[in-house]
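Undergrad: Quick one: the structure is below, and I'll ask about it shortly.
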Amino acid sequence: MSKIEFEHPAIDQLAATPEILRLLMAPVSDEQARWKPAADRWSIAEILAHLEHVEAHYFRAGIELMVTEKNPEVEPYDQNVWATAGTYRDREPEESFAHWEEQREDNVVYLQELEPASLDRTGRNPELGTVTVGNYLNEWAHHDLGHIRQIAELVRAQLYYPELGVFKSQYRVNP
């Protein structure tokens, strides 16, 4: 008898994100991937490095901890601390993306194999209080969508907006 895969909209989103990002970034050059719209804003390359890092060091780790232990303390993830430390800087965009895709594939399989009751398992976030696996799963999908939007805006600003001609007056970009 084969195991039935656990279905959840957030898992579907997590499974779809790599393809969405690949399609968005297909026309992006390495130079464009490294472009920063401002010193305090991230490039596509930095976003990909962040996705690679947070995939293992926050989302999967937190869910696994809550699934295997009773109400454990789960570490918060402060992307600004990691960014300031240079964790996302000077990384090869394609290398970060490829490693993230591998992790994501494994993580989707892991999530699909969870029992639905796992969503109610809890942990303690020292900053936020009680969190559940379901909260983490929804945060993960929400996080993906935020970075999809961020990358889409960087692509819009570099590839399409400059070539709008007279239509520029009708649009704003905020990469």
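Undergrad: Anything in the chain that counts as a DSSP H helix reaching 20 Å or more along its axis (C-alpha) with Kyte-Doolittle mean of at least -1.0? List them, would you?
TA: Long hydrophobic helices here: 9-25, 133-155.
Undergrad: Turning to a different aspect of this structure: Can you tell me, using C-alpha contacts under 8 Å and at least 6 residues apart, the relative contact order of the chain as a whole percent?
TA: About 32 percent, as a whole number.
Undergrad: Translational diffusion coefficient of the range 11-161 at 20 °C, 1.002 mPa s, Stokes-Einstein with Kirkwood Rh over Cα pairs, in µm²/s as a whole number.
TA: It diffuses with D of about 132 µm²/s by this estimate.
Undergrad: How far is it, in nm, from the label point at ALA61 to the one at GLU127 when both lie 7 Å from their Cα along the line to the Cβ?
TA: About 1.4 nm separates the two model spin labels.
Undergrad: Sticking with this structure for a sec: If the chain between GLU7 and ALA152 were fully stretched, how many nm would it gain, using 0.36 nm times the residue separation less the Cα-Cα distance?
TA: Working: separation 145, 0.36 × 145 = 52.20 nm, distance 2.73 nm.
My answer for the length gained is 49.5 nm.
Undergrad: Using amide H atoms built in the peptide plane, which far-off residues or other-chain residues are under 5 Å from ASN125 H to H?
TA: Residues meeting the amide H criterion: VAL74, THR130, VAL131.
Undergrad: With r defined as the distance between the Cβ atoms of ASP78 and TRP35 and R0 fixed at 30 Å, what FRET efficiency is calculated, to the nearest 0.05?
TA: Using R0 = 30 Å, I get an efficiency of 0.75.
Undergrad: Let me ask something additional. To the nearest Å, what is the center-to-center distance of the range 14-70 and the range 71-148, using C-alpha atoms only?
TA: Each part reduced to its Cα centre gives a spacing of 10 Å.
Undergrad: A further question follows. Apply the Kirkwood formula to the range 30-109: the hydrodynamic radius equals the inverse of the mean of 1/r over all pairs of different alpha-carbon atoms; give it in Å with one decimal.
TA: Result for the range 30-109, one decimal place: 13.7 Å.
Rule-based calculations on the coordinates, nothing more; no lab input. Everything quoted here is computed from the prediction, not taken from an experiment. Neighbour counts are summed over all protein chains in view; Cβ atoms, including those assigned to glycine, are modelled from backbone coordinates with ideal geometry.
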